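Asks: First, the structure itself, so that you have it in front of you.
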Amino acid sequence: MLANSWVADLGLIAGLVLLIFLALRGVNILLAVLFSILIIGLTNSIPLADVFLKHFPFGASGAFNFAGNFLLLFLCGGLFGRIMAASHAAQGVAMGVTARLGQQRALWIAMLVCAVLTYGGVIVFVVMFTMYPIGVSLMRSANIPRRLYAAAIALGAGTFTMTALPGTPSIHNVIAARGLGTDLFAGGWYGLLAGLIMAGVGMLYLQWQWRRALAQGDQYVANEKDQQMAALAPKEDADLPGLTRSLLPIVLVLGTILVPRLLAMSGSDWQWVGFANSQPVLWASFALILGSLFCFVLFAAVRQQFIQAAGRGVDDAMLPLINTAAVIGFGGVVIQTQGFHAFAQWLLGLDIPALLSVFVSANLISGVTASASGGLQIFMSSLAPAYLEAGVSAEVLHRIANLAAGGLDSLPHSGAVIALFTLMGLSHKEAYKDIFVVTVLIPMLAALVAVVAALLFA
């Protein structure tokens with residue numbers, strides 16, 4: 001029995017190591033997951049029919065289960081992002097902020113524009129493709145090493161707007177709201193505190209690294225990817241909408257999400273208030289559709305290609321959805337093993353405050369899956385009920401779990417990290433250190449501060 005236990009545990013570790021290795025080698029994440037769960041199933045004596053036809057696709061944390069629940073939100077996010085790009089509003093935001101801050105503040109520009117776009121509901125992959133062509137001219141004029149510009153994109157698109165700021169229609173915020181019955185503003189004050197730390201400390205680090213780089217002669221060096229992307233960047237005399245006009249669709253999306261919260265706080269019993277606050281997937285999707293239609297009305301550039309842009313938006317959404325679902329399906333197999341149950345019991349049995357245990361457990365699960373959304377989904381289905389029974393407030397659990405899931409999610413095998421490096425032609429050796437600091441270390445610090453604040457004031 002002991003030998004079988006050792007085989008099962010080693011198989012679980014081997015499956016995880018294989019997933020990380022294959023992801024780092026650039027293997028398609030779905031293929032990597034299928035190979036990994038095969039090893040886990042064989043070594044843990046789980047029938048392969050159950051692995052591939054039950055736990056991976058249809059379990060509580062199954063790939064198809066997740067994809068079915070969140071398909072609409074992914075599609076609407078992809079649609080809105082592509083419509084914002086086709087209407088030139090996304091570029092208008094980028095160029096408008098650049099004109100006001102000046103190219104010497106290129107790192108601030110990258111972070112702020114990415115933050116505005118992702119907070120408004122534009123999916124991170126669309127943001128990357130929007131910011132990289134603009135970034136080529138910014139990096140060249142300000143002499144910024146490419147690795148630091150990549151880190152600025154990651155800081156703005158993949159940290160505080162993803163897990164911290166209340167109200168964002170990000171998939172992570174919606175997963176927590178759906179799992180706990182809260183709304184998208186739950187635990188907002190703790191999120192704001194953590195978000196300020198992530199943005200402020202992250203930018204201080206990048207500015208410090210920029211000064212060091214210049215002092216050491218580490219300058220901007222173009223590569224073939226830069227030359228390809230430079231042709232896609234808006235020209236200085238391009239007919240782009242102004243900053244204020246470009247921001248209006250984003251304001252509409254966020255305002256639509258905010259209105260039910262404000263009405264509920266005022267005591268309104270309007271039936272749509274209850275619907276909006278109880279159906280975060282549908283309401284956030286509705287807000288994104290409304291923003292897309294508003295782009296159609298507001299910007300002539302998108303009217304003649306609206307259907308084509310919408311189709312490309314659907315395409316934009318499918319790959320992130322499949323990749324995220326695959327990682328979650330991997331977790332759906334992992335949680336069937338004895339090793340995971342022992343791990344969960346160990347986490348719940350730690351003699352530490354419950355919120356600190358949430359921080360540890362959500363971080364570790366997201367690290368295993370290399371996905372904040374994947375880790376958060378598994379956490380909500382397997383561990384969250386125990387923390388609620390222990391007396392943790394659902395609103396506080398919503399925000400702390402979100403913040404914790406955004407820590408170890410950006411390990412080297414993270415799909416978003418690999419996508420960014422592939423897009424910019426960077427290697428992990430060149431650029432991962434700075435990504436690690438701004439998307440792992442600093443978010444973990446911010447989450448710990450939020451935990452302390454919640455322990456003191458919740």
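The values are calculated or read from the model by the stated rules, or taken from the named source; none is laboratory data. Remember, it's a predicted structure, so these values are computed and weren't measured experimentally. In this analysis, Cβ positions are derived from the backbone assuming ideal geometry, glycine residues included, and neighbour counts consider all displayed protein chains. Only protein heavy atoms, including side chains, enter the accessible area calculation; ligands, DNA and RNA are left aside. Shrake-Rupley method; radii C 1.70, N 1.55, O 1.52, S 1.80 Å.
Asks: Leaving out ligands and nucleic acids, note down the accessible area per residue over the range 337-409 with a 1.4 angstrom probe, in whole Å².
Replies: 32
Asks: With θ set to phi - 60°, apply the Karplus curve 6.51 cos²θ - 1.76 cosθ + 1.60 along the range 85-90 and write out the HN-Hα couplings as whole Hz, x wherever there is a Gly or Pro.
Replies: 6, 5, 7, 6, 5, 4
Asks: Per residue, how many Å² of accessible area does the range 172-231 show with a 1.4 Å probe?
Replies: Using a 1.4 Å probe on heavy atoms only, each residue of the range 172-231 averages 49 Å².
Asks: Right, here's the next one. How much accessible surface area, in Å² rounded to 10, belongs to the heavy atoms of ASP409 with a 1.4 Å probe?
Replies: 10
Asks: Still on this model: Ranked highest first by average number of other Cβ atoms within 10 Å, how do 300-309, 396-405 line up?
Replies: 396-405, 300-309
Asks: About its Cα centre, how strong a charge dipole does the chain have in debye, to the nearest 20, once Lys and Arg get +1 and Asp and Glu get -1 at the Cβ?
Replies: 780
Asks: How much of LEU293 can a 1.4 Å solvent probe reach, expressed as accessible area in Å² and rounded to 10?
Replies: 90
Asks: Carbon and sulfur together cover what percent of the accessible area of the chain at a 1.4 Å probe radius?
Replies: Solvent-exposed carbon and sulfur of the chain make up 67 percent of the total.
Asks: Taking all protein chains together and a probe of 1.4 Å, list THR43, THR244 from the most accessible to the least accessible.
Replies: Result of the area sort, largest leading: THR244, THR43.
Asks: Rounded to the nearest 10 degrees, what's the angle between the helix 338-349 long axis and the longest principal axis of the chain, both from Cα atoms, 0 to 90?
Replies: In the chain, helix 338-349 runs at an angle near 80 degrees to the longest axis.
Asks: Here's something else I'd like to know. For helix 146-158, what angle does its Cα long axis make with the longest principal axis of the chain, in degrees from 0 to 90 and rounded to 10?
Replies: Approximately 70 degrees, to the nearest ten.
Asks: Same structure again: Heavy atoms only, 1.4 Å probe, whole protein assembly: order VAL97, VAL7, VAL438 by accessible area, highest first.
Replies: Reading off the accessible areas and sorting them downward yields VAL7, VAL97, VAL438.
Asks: Angle, helix 29-43 long axis vs. longest principal axis of the chain, Cα atoms, 0 to 90°, nearest 10?
Replies: The angle comes out at about 10 degrees.
Asks: Same structure again: Of the listed values [x] 60, 27, 22; [y] 34, 26, 22; [z] 36, 28, 17, identify the label whose number matches semi-axes √(5λ) of the Cα gyration tensor in Å calculated from this model.
Replies: Recomputing semi-axes √(5λ) of the Cα gyration tensor in Å here gives the entry labelled [y].
Asks: Here's something else I'd like to know. Using only the alpha-carbon atoms, what does the range 119-233 span along each of its principal axes? Please give whole angstrom values in decreasing order.
Replies: In descending order, the Cα extents are 51, 30, 16 Å.
Asks: Leaving ligands and nucleic acids out of the surface, order ASP9, ASP183, ASP315 by accessible area at 1.4 Å, largest first.
Replies: ASP315, ASP9, ASP183
Asks: With a 1.4 Å probe and all protein chains left in place, how much accessible area per residue does the range 1-130 have, in Å²?
Replies: Result: 44 Å² of accessible area for each residue.
Asks: Which value, to two decimals, describes the C-alpha radius of gyration of the range 312-458 once divided by 2.2 N^0.38 Å?
Replies: So the range 312-458 has a normalised radius of gyration of 1.10.
Asks: Based on the mean of other beta carbon atoms within 10 Å per residue, what is the order of 246-252, 348-354, most packed first?
Replies: The packing order, highest mean first, is 246-252, 348-354.
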